[in-house]
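The values are calculated or read from the model by the stated rules, or taken from the named source; none is laboratory data. Here the structure is a predicted model, which means the values were calculated and not measured. As a convention, Cβ positions derive from the backbone with ideal geometry for all residues, glycine included, and neighbour counts pool all protein chains shown.
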Amino acid sequence: MLENIDPSLVSWSRGQFALTAIYHWIFVPLTLGLSFIIAMMETLYVRTGKEEWKRITKFWMTLFGINFAIGVATGIILEFEFGTNWSNYSWFVGDIFGAPLAIEGIMAFFLESTFIAVMFFGWNKVSKRFHLTSTWLVAFGANLSALWILVANAWMQNPVGMQFNPDTARNEMVNFWQVFLSPVAIHKFIHTITSGYVLASIFVIGISSWYILKKREQFLAKRSILVASVFGLVSSLMLIYSGDGSTRQIVHVQPMKFAAIEGLYNGQSGAGLVAIGIMATAPGDTNSRNVKDFAFHIEIPNFLSYMAYGKFDAFVPGVNDLVDGNVDQNIIPVRDKIERGKLARETLAELKTARDNRDTVKYALLKAKFSDPDFKNTYFRYFGYGFLDDHNQVIPNVPLAFYSFHTMVGLGFLFLFILFLFLLALFRNTLEKRKFLLRLSILCIPLAYLASQAGWIVAEMGRQPWVIQDLLPTMAAVSHINTTSVQVTFWLFAVLFTALLIAELSIMIRQIKTGSK
Amino acid sequence: MERSLFQRIFLFYYDGFRNMTVGKKLWVIILIKLFILFAILKLFFFPDILKVRFTNDRDRADYVIEQLSKPR
């Protein structure tokens, strides 16, 4: 059914989107977290009146400014790509995606662009309190921008609150609150912004540690570590809590992603959680499912069942259960879903033919189906499966999902531990002696970025083949354009973004070496 | 003499830009980046496919319905 879609076009379009999103996400999390750290530092300045806090605030504000300036508008490229490379998708999502992005654009423009000017230009020109308010508003504005983007992304992971209009082929929002307050959206938002807070805390601690090791800016470094480790520790706990909440959502709305991130092929009651594992090709992969076994793994018994359903003996479906179906667990086989999806697609085709032939009776009858709850739940919810030829196409890249997830979780716990150690060392006044910890925290800066990117790889690669869960596969979302043009723009972006990254790193490193003068 | 609100806003930004140190370099990067994004990439490489190929929403909808429903 998909033989006319050039697979290399899909791959290059996906590659380009991934490249853009990954580069964009290098700049965003630091903005999200550092803005709040700066606001806290400035609050301490306003409350205590000590000029040292003003100096500390201004130093981190400069690094924030560098990151903000280099990163600003890198996300707009994703919107360019929607219209050019993903036109079927852009049309199909309708106002569900448009509304949150429009709100984001307005909020970002007014909140950030207005108050960021006061934040940078307003020292000694506006009152201390007005300046402080502006700094907090920049932080809230940046995070609110993220909210709308993440609401839109959460809808793709769990499409709710909409009605498909078969006349326009667009999804129309019928319940804004269902979209906005979907549990997937709430957990995604909290998890994503807190990951940014932890990354920014690690960034501040890493640079401050460098100063301590170099015996420079001792006062700035220790005060910064104090603020960042408290903020980071609280954020880490929220990050773990929201991560747990996200996982519980995934098991319901994206069970295949859940099975993939745990490398679980055969469902089990009382399934164990693989804490650490190395995957290897399993013998006897007769179903061509690229089945991987564990060459080595450490498992916490029954914990996966508890994590997923809150019960130690609950059944957790594996990849094979979700593909082949499981009668005992009421899991429909993918083959059935493909048939249902095909019927939904055929109904759409018939409706268009009836409309073109001015067959009003048939047209009205078919159109009514798309509003009928029975048709929606039995057939339309599997619309995307109608594009698939083979039931194994629903399996994402399991090793990639598994390793990304475990990298993210492992590093998340490492950061929690490090933040705690820093706080402890500060209170015991032993920070200068902890050379290993100080050096480790510098190494943690790139690791924090790695964890953050791994999180998005879990979210986006783990949900393949879907661009909108169960409704639209990635290969059907792509525009029929020339592959060469996508290749050209891929390399243009690669060069542009690499140049921006080099500029960011060189300006930032120079500024850090200069210090707080 | 008391300055008007607009004069004060103008001077706020004017002085701010004049007194920038690292910021001047950053503004150059921002402007070059925006020029590349909007004047080159958007204009020459990223047309809105459905807007370019079709003149109205009816035709766009029909095209997408065809894409989504026809056996490929």
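Every test in (1) in a helix (DSSP H, G or I); (2) modelled with pLDDT under 80 is passed by B:Met1 save one, and that test is (1).
Looking at this structure, is A:Glu42 acidic (Asp, Glu), assigned to a helix (DSSP H, G or I), modelled with pLDDT of 95 or more and out of contact with any Gly (no Cβ under 6 Å at 6 or more places or on another chain)? Answer is yes for this residue.
Filtered by the rule that a residue be in contact with a Phe, Trp or Tyr (Cβ under 9 Å, 6 or more places away or on another chain) and either under 16 Å from A:Arg355 (Cα atoms) or part of a helix (DSSP H, G or I) (or both), segment B:26-48 gives B:Leu26, B:Trp27, B:Leu37, B:Leu41, B:Lys42, B:Phe45. Of all residues in segment A:479-503, those that are within 24 Å of A:Asn88 (Cβ to Cβ) have Cβ atoms under 9 Å from Cβ atoms of residues that are among the acidic types (Asp, Glu) and outside any helix (DSSP H, G or I), 6 or more apart or on another chain, in A:His480/A:Asp6; A:Thr483/A:Asp6. Yes or no: segment A:408-427 includes at least one residue that is of a type in the set (Val, Ile, Thr) and over 25 Å from the mean Cα position of the chain (by Cα). Taking every residue of segment A:408-427 in turn, none turns out to be of a type in the set (Val, Ile, Thr) and over 25 Å from the mean Cα position of the chain (by Cα). Residue check: A:Gly94 meets all listed conditions (1) away from chain B (no Cβ under 11 Å); (2) at pLDDT below 85 but one, namely (1).
Per this entry, B:Leu37 is not counted among residues that are surrounded by 14 or more Cβ atoms within 10 Å (Cβ to Cβ), within 7 Å of chain A (Cβ to nearest Cβ) and at pLDDT 90 or above.
Quick check, is A:Ile66 within 11 Å of chain B (Cβ to nearest Cβ), within 30 Å of A:Gly15 (Cα to Cα) and part of a helix (DSSP H, G or I)? Yes. Do we have A:Ala73 as more than 14 Å from chain B (Cβ to nearest Cβ), surrounded by fewer than 21 Cβ atoms within 10 Å (Cβ to Cβ) and either of a type in the set (Gly, Ala, Ser) or assigned to a helix (DSSP H, G or I) (or both) here? No: the conditions fail for A:Ala73. Which of the residues spanning segment A:167-179 are in contact (Cβ under 8 Å) with a residue 40 or more places away in the chain and either away from every other protein chain (no Cβ under 14 Å) or surrounded by fewer than 22 Cβ atoms within 10 Å (Cβ to Cβ) (or both)? Across segment A:167-179, the qualifying residues are A:Asp167, A:Thr168, A:Glu172, A:Met173, A:Phe176, A:Val179. Looking at this structure, is A:Gly33 in a helix (DSSP H, G or I) and within 11 Å of chain B (Cβ to nearest Cβ)? Criteria not met by A:Gly33.
Annotation note: of A:Ile193, A:Ile202, A:Ile250, the sole residue that is among the β-branched types (Val, Ile, Thr), crowded, with 22+ Cβ neighbours inside 10 Å and touching a Lys or Arg at 6+ places or on another chain (Cβ under 8 Å) is A:Ile250. So is A:Ala99 within 10 Å of chain B (Cβ to nearest Cβ), surrounded by fewer than 21 Cβ atoms within 10 Å (Cβ to Cβ), within 30 Å of A:Ile481 (Cα to Cα) and not polar (S, T, N, Q) or not? Answer is no for this residue. Among (1) within 11 Å of chain B (Cβ to nearest Cβ); (2) closer than 16 Å to B:Gly23 by Cβ; (3) of a type in the set (A, V, I, L, M, F, W, C), which single condition is A:Trp60 missing? Of (1) within 11 Å of chain B (Cβ to nearest Cβ); (2) closer than 16 Å to B:Gly23 by Cβ; (3) of a type in the set (A, V, I, L, M, F, W, C), only one is false for A:Trp60: (1). Note on segment A:498-517: among residues that are among the hydrophobic types (A, V, I, L, M, F, W, C) and more than 10 Å from chain B (Cβ to nearest Cβ), the one that is surrounded by the most Cβ atoms within 10 Å (Cβ to Cβ) is A:Ile512. Checked against the criterion of being assigned to a helix (DSSP H, G or I), at negative phi, touching a Gly at 6+ places or on another chain (Cβ under 9 Å) and at pLDDT 95 or above, the candidates A:Leu237, A:Leu220 yield just one match: A:Leu220. Being at pLDDT 95 or above, surrounded by fewer than 19 Cβ atoms within 10 Å (Cβ to Cβ), away from chain B (no Cβ under 14 Å) and over 19 Å from A:Ser246 (Cα atoms) is a property that does not hold for A:Phe427.
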